[in-house]
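The values are calculated or read from the model by the stated rules, or taken from the named source; none is laboratory data. Predicted, not measured: the structure shown is a model, and the values here were computed from it. Cβ sites come from the backbone with ideal geometry, for glycine too, and all protein chains shown count toward neighbours.
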Amino acid sequence: MSGTQPTPPERIQGLPPGRDAENSHRSDGVADLLRHDEFSVRQAIGGPRGVAESVLPTLVFVVLFVALRDVLVASLAAVAVVAVALVLRLVQRESVGSAIGGLVGVAIGALLAIRSGEGSTFYTPGIVTNGVAAVVLALSLLLRQPLVGVFIGLIEPRVQDWRSSPDARRTYTTATILFLVLYVAKVAVQLPLLLTGQVAALGVAKIAMGLPAFAVIAYLVWLMHRGLMARRNERERD
């Protein structure tokens, strides 16, 4: 979801955007992808910068912790990586929302790790966030307001009537279930590793279940949305 407006993962997974300039760009980027006939992995994951900002903090923390067994050094280095990413965005006058969110999450994780002396607690904020996301997605399904449908309906004028369409409702319910499965899987895999203090394994799991897993789910949802639009167009021609 990119072009001139790269779209990192949270732009699909996030709650419905507000009306500020940053969220306007997000909505435009997602809507642009939904209208394309070809899926762009680069757009879905935010391009090289999106990959770097997502992967580097965890990678730096894991490598330094395993090499030095020093929680303080590893934690501060991870925070520094995110801080540099934020400064670069500020200098280049780009959107800083995702960078600020990343800095907050990494800083909290670093603080927890330094205070506890356990490297595994560095991952606590991420696991909690995944758990909250899973609960929100599950609640949206229970309330018959699948979050993917709510979000896409806000940014894609062609499906604003999705609630009144059984086909669209089924499509976006299934899409929401896919994201729910992803977040539940993250918690199911990473929480036991956290409780047993598996720092390196947690890092590998976090990276592997981050952008790669998200790109797969995003592609499946894109296919489902594309199929829905094709069926709608066919019915309109008939």
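Worth pointing out:
- All told, A230 meets the bar of being among the aliphatic types (A, V, I, L, M), more than 29 Å from V63 (Cα to Cα), surrounded by fewer than 16 Cβ atoms within 10 Å (Cβ to Cβ) and free of Cβ contacts under 8 Å to residues at least 12 places away in the same chain.
- Condition check for G203: assigned to a helix (DSSP H, G or I) and surrounded by 17 or more Cβ atoms within 10 Å (Cβ to Cβ): yes
- Applying the criterion of being β-branched (V, I, T) and closer than 18 Å to L211 by Cα to the residues of region 56-77, the residue that is surrounded by the fewest Cβ atoms within 10 Å (Cβ to Cβ) is V60.
- A80 being at pLDDT 95 or above, out of contact with any helix residue (DSSP H, G or I) (no Cβ under 6 Å at 6 or more places or on another chain), closer than 23 Å to T58 by Cα and surrounded by 14 or more Cβ atoms within 10 Å (Cβ to Cβ): yes
- No other residue among I114, I152 is surrounded by fewer than 22 Cβ atoms within 10 Å (Cβ to Cβ) and among the β-branched types (V, I, T) apart from I114.
- Of the criteria (1) without any contact (Cβ under 8 Å) to a residue 60 or more places away in the chain; (2) small (G, A, S); (3) surrounded by 14 or more Cβ atoms within 10 Å (Cβ to Cβ), which one S164 fails: (3)
- One residue stands out among those in region 191-200 that are out of contact with any helix residue (DSSP H, G or I) (no Cβ under 7 Å at 6 or more places or on another chain) and part of a helix (DSSP H, G or I): the one that is surrounded by the most Cβ atoms within 10 Å (Cβ to Cβ), which is P192.
- Test result for V87, among the hydrophobic types (A, V, I, L, M, F, W, C) and modelled with pLDDT under 95: yes
- Scanning region 167-190 for residues that are among the aliphatic types (A, V, I, L, M), more than 12 Å from G149 (Cα to Cα) and either touching a helix residue (DSSP H, G or I) at 6+ places or on another chain (Cβ under 8 Å) or in contact (Cβ under 8 Å) with a residue 24 or more places away in the chain (or both) yields L178, L180, L182, V184, A185, V187, V189.
- Exclusive hit being within 16 Å of the chain's Cα centre (by Cα), at pLDDT 90 or above and not basic (K, R), set V41, V55, V96, V60: V55
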